[in-house]
Every structure is written in C-alpha cells, then in structure tokens.
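> Sending over a structure as structure tokens; questions will come in a sec.
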Amino acid sequence: MFVEKDYHNRTQGWIEVICGSMFSGKTEELIRRLKRAKIAKMRIEIFKPQIDVRYSEEDVVSHNANVLHSTPVGSASEILFYSNEADVIGIDEAQFFDDELPNVCQQLADEGKRVIVAGLDMDFTGKPFGPMPTLMAIAEDVTKVHAICIGCGGLAQYSHRIVEGDKLVVLGETESYEPLCRACYLKATNNRG
C-alpha cells in the first residue's frame, strides 16, 4: 500500500525512487508526483540526461504524452547548480547518469529537499542498471512499477531488446524494446543463442 508523505514538513528532505521496466509508467508517476507538489505551491525543478532526446531535447515526456519542462544536464553534479531554489527535485532516466547521482541526491535531501528519481532498475540483460541499485538502497521510499508482458499478459519487469547489438545504451521505444515477465524473458533470451 502506498502511503503519501507529509508534504508540509519542508525542513526534512528525503529520496523517493520509482523503478521498473520500460513501458511501466515510471515517468508518468514522476510527472504525477511533481504536478501534485506544484499544486501544493512547492517550487519544482526536473532534470534529465542530455542524451535522452527520444521525444524532446528539453521536456520530460511520458509514453502517453504527459509533458513537463526539464533541464537537460550532462552530469549529475550539474543538478546541484540548477536546483538551489527548488523544494522538490525530479530526476528522470536516472540509469543514464554517472555514479555521482546518489551523492547528489543525498546532498539535496540533506538540504531539506524532496528528491524524486525515476529510472530503469535493470538493463536489457537483466542486470542492475547504472546508479539505480545505490539509489534504491539509500531512498526512504522505493516504488516498483510494472508493465504488462506482451507475451502472456502478466506483470512485466524486463525490458527485452528486440534489435541486435550488445551496446548497453540504445535509445528506443517499441521498435527496440518490449516488456516481458520473467518466464517470457527467459524464453526469448534462450531462443537467441
């Protein structure tokens, strides 16, 4: 059961992580939480990695076209420079950031800011992705969201790449990835070899 945090206590910061596979609604949930904070008259700032230009160079855009203006940054440390005036910091596609991101999130939370981070918890091979495992460990709240498996209709937790290549980061959508449950993912990856 999800318990809403006390948004009125602005002196104590914390970290929230939203994780899951592709097409699971991570960005949608991030946008929802940030919009609620904005309604509560909190100052928000949202960041995304510069490399993520799938829908927009500057906006954070969910798969179902919800949009929030963001600041694209080249490194996690840049977030500190742009977030001085914000009460709530949103960070999308956290898996693409450098390993400094957990330290940046800790610093922001220690300054009394609410930090909401969204990202893939696993890469296309099923291994923990970038700084996400550390972020999940240090967060006060972790929400794992699931997509629907296109193989069987169950809960999907894997982002199965359907295009060739071993490169870890391949930006793409439904033309490159499909959400699968464990059983369908194992079946698909065992059929490759």
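Coordinate-derived values only; no laboratory data. This is a predicted model, so every value here is computed, not measured. Virtual Cβ from ideal backbone geometry, glycine too; neighbours counted across all protein chains shown.
> On each of the three principal axes of the Cα atoms of the range 14-145, give max minus min coordinate, whole Å, ordered largest first.
Extents along the principal axes: 39, 30, 26 Å.
> Once fully extended, how much extra length lies between residue 35 and residue 85, figured as 0.36 nm per residue of separation less the alpha-carbon to alpha-carbon distance?
16.3 nm
> Turning to a different aspect of this structure: List the trypsin sites (Lys or Arg not before Pro) within the range 85-193 that fall in a DSSP loop (any state other than H, G, I, E or B) and whose Cβ has at most 14 other Cβ atoms within 10 Å. The partial results should precede the final answer.
Values: sites: 113, 114, 144, 161, 167, 182, 187, 192; in loops: 113, 167, 192.
Here the trypsin sites (Lys or Arg not before Pro) that fit, given the DSSP loop and packing criteria, are 167, 192.
> A further question follows. Using DSSP, restrict attention to beta bridges with both residues in the range 14-145 and report what percent are antiparallel, rounded to the nearest 5. Provide the component values of the computation, followed by the final result.
Details: 4 of 27 bridges.
So the antiparallel bridges amount to about 15 percent of the total.
> Roughly how many nanometres apart are two label points built 7 Å out from the Cα toward the Cβ at residue 137 and residue 188?
Label-label distance for residue 137 and residue 188, simple model: 2.9 nm.
> Please go through the residue pairs 26/144; 38/113; 35/144; 35/113 and name each one whose alpha carbons sit more than 18 Å apart in this structure. Intermediate results must be reported in sequence, preceding the final value.
Working: 26/144 9 Å; 38/113 14 Å; 35/144 20 Å; 35/113 16 Å.
In this structure, 35/144 exceed 18 Å between Cα atoms.
> Follow-up. Multiplying the sequence separation of residue 144 and residue 162 by 0.36 nm and subtracting their Cα-Cα distance, what value in nm do you get? Let's see the in-between values first.
On the way: separation 18, 0.36 × 18 = 6.48 nm, distance 2.33 nm.
Net length gain for the segment: 4.2 nm.
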